[in-house]
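Below is one structure; the comments refer to it alone.
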Amino acid sequence: MSATVAKRREPRLGEDLYEARLAHGMPVFVLTRPGYDKKFASFATRYGSVDSRFRRAGGDWTTVPDGIAHFLEHQMFAQEYGDAFERFSEYGASANAFTSYTNTTYLFSCTDRFADSLRLLLEFVQQPYFTDAGTNKERGIIQQEIRMYRDNPGWRLSEGLKAALYQRHPFRLDIAGTVESVEAITTDLLRMCWDTFYHPSNMVVSVVGDVDPAEVAAMVEASLLAHPRPEQGSIDRDVAGEPDAIATPRVEAEMAVARPVVALGFKETDTAVSGDAVLVRDMATEICLEALAGKSSSLYNRLYESGRIDGTFHSYYHGERDFGLSVLSGETSDPDAFAEAWIGGVKSLLATGIDPAVFERQKRRMAGEFAASFNSPESLSYALNATYFAGSDLFAYGRLLDGLTLADVNARLHQHFEPSRTGVSVVRPKG
């Protein structure tokens, strides 16, 4: 059996994307970088911390302890022969993994012995080695990590903001879970979650570098055939019916910080989107945030000159299919004045709309950043995975950005930046 590799071109940038669909519909994406020494590969599953209640097609609902996706990510590197990290090092590759709210990704980068590293990546992700001794050891390590997080002001600020905005959705919980929830994770539960979510129908492989797409596809296909899995239907995920209203206007904590740190968040309510609409929503939100709080905005400069914000200020949007938030954050001597100033800025922007010149300038900036991302193998691999899991594809970005209108962005401004759906998280100095 030989995988069929198709090629698609992004005409604006002259880039070619190679794609093969293998067993259970799993895609393999390859972006070639002729002349690049560095090669980057990732093997990702659409399984993250929010997937704590689920069912397979025709099955019963199952609820698992919070933090199990993150625990499983840690546990996967433990193999019968030892630590997979050490094997990657023997090949001269740098390996890592991370768990987000919605995905778990295993990855490596290398300059030599790419084929050996890719086979290793495919093998250990598809062939877990679970033991009670390993589970017990990892449990203690993760619980210690969780205790250490609690001493981090940034973590406390972020967790406080999610607690302010979200009432039920598992997004409000830490990716690693709690000391108590991790205590309840067993080897059998890890095996069940791997069996459910680490199925080829729920996964994707992305490779970027000076490689032969047909050879990459053949290697992945051979690995899937060596680790056969039965057909599996869809996975239903229960996200608890989150209401539009926020949980509480304000969450505060005291820690050993020199100055107060504050985060103002806008809760996402546009959660009935999928496919290309997810990318359009994200693009429009990014332009809104730049118009409001970018370094070229008049409000940013007024607040900076007055000392209400400083170099620690930043803004960002994090959005998924059924949750998300926009954040304005930084150190400030007066958290109340900080929040009031930005809410006032939002109300002014809602009244006037986005300046057409700002809109065009931001579209050009985003187009340039998209083109520049093709110089980063890591960014390309992550973007291939993210757009696939969203139901779109990487090459749709340029086309969708071209078609984005000022009316689209102003509609998004009014839909998302609603002052009644804001929450504030503050970390103050002790005493």
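The values are calculated or read from the model by the stated rules, or taken from the named source; none is laboratory data. These figures come from a predicted structure and were not determined experimentally. So basically every Cβ, Gly included, is an ideal-geometry build from the backbone, and we count neighbours across all protein chains shown.
Brief remarks follow.
- Close contacts from segment 395-423, counting a first residue that is in the same structural domain as residue 269 (by TED's automatic domain parsing) and a second that is of a type in the set (S, T, N, Q) and not in a helix (DSSP H, G or I), with Cβ to Cβ under 6 Å and a gap of 6+ residues or different chains, come to none at all.
- Restricting attention to segment 224-256 and to residues that are out of contact with any strand residue (DSSP E or B) (no Cβ under 9 Å at 6 or more places or on another chain) and of a type in the set (Gly, Ala, Ser), the residue that is surrounded by the most Cβ atoms within 10 Å (Cβ to Cβ) turns out to be 226.
- Among the residues of segment 287-322, those that are small (Gly, Ala, Ser) and within 18 Å of residue 362 (Cβ to Cβ) comprise 291, 293, 294, 296, 297, 298, 315, 319.
- Residue, surrounded by the most Cβ atoms within 10 Å (Cβ to Cβ), within segment 67-89, restricted to residues that are under 23 Å from residue 143 (Cβ atoms) and either free of Cβ contacts under 8 Å to residues at least 24 places away in the same chain or among the charged types (D, E, K, R) (or both): 73
- Residues in segment 328-366 that are hydroxyl-bearing (Ser, Thr, Tyr) and more than 14 Å from residue 413 (Cα to Cα) were compared, and the one that is surrounded by the fewest Cβ atoms within 10 Å (Cβ to Cβ) is 333.
- Note on segment 245-259: residues that are within 21 Å of residue 345 (Cα to Cα) and in a loop (DSSP other than H, G, I, E, B) total 2.
- In segment 357-374 there is no residue that is touching a residue at least 12 places away in the same chain (Cβ under 8 Å), part of a loop (DSSP other than H, G, I, E, B) and out of contact with any Cys (no Cβ under 6 Å at 6 or more places or on another chain).
Conditions (1) under 22 Å from residue 392 (Cα atoms); (2) in contact (Cβ under 8 Å) with a residue 24 or more places away in the chain, marked per residue:
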position: 255; (1), (2): no, yes
position: 260; (1), (2): no, yes
position: 277; (1), (2): yes, no
position: 284; (1), (2): yes, yes
position: 290; (1), (2): no, yes
position: 304; (1), (2): no, no
position: 309; (1), (2): no, yes
position: 313; (1), (2): no, no
position: 320; (1), (2): yes, yes
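- Residue within segment 314-321 that is in a helix (DSSP H, G or I) and either in contact with a Phe, Trp or Tyr (Cβ under 8 Å, 6 or more places away or on another chain) or surrounded by 20 or more Cβ atoms within 10 Å (Cβ to Cβ) (or both) present: no
- Some residue of segment 49-62 being free of Cβ contacts under 8 Å to residues at least 12 places away in the same chain, under 26 Å from residue 173 (Cα atoms) and touching a Phe, Trp or Tyr at 6+ places or on another chain (Cβ under 9 Å): no
- Residue in segment 224-244 that is under 28 Å from residue 64 (Cβ atoms), in a helix (DSSP H, G or I) and not assigned by TED's automatic domain parsing to the domain that holds residue 348 present: yes
- Here segment 387-406 is the region considered, the condition is being of a type in the set (Gly, Ala, Ser) and buried (at least 19 other Cβ atoms within 10 Å of the Cβ), and the residue that is farthest from residue 44 (Cα to Cα) is 392.
- Taken over segment 330-356, residues that are touching a helix residue (DSSP H, G or I) at 6+ places or on another chain (Cβ under 7 Å) and more than 29 Å from residue 405 (Cβ to Cβ) amount to 2.
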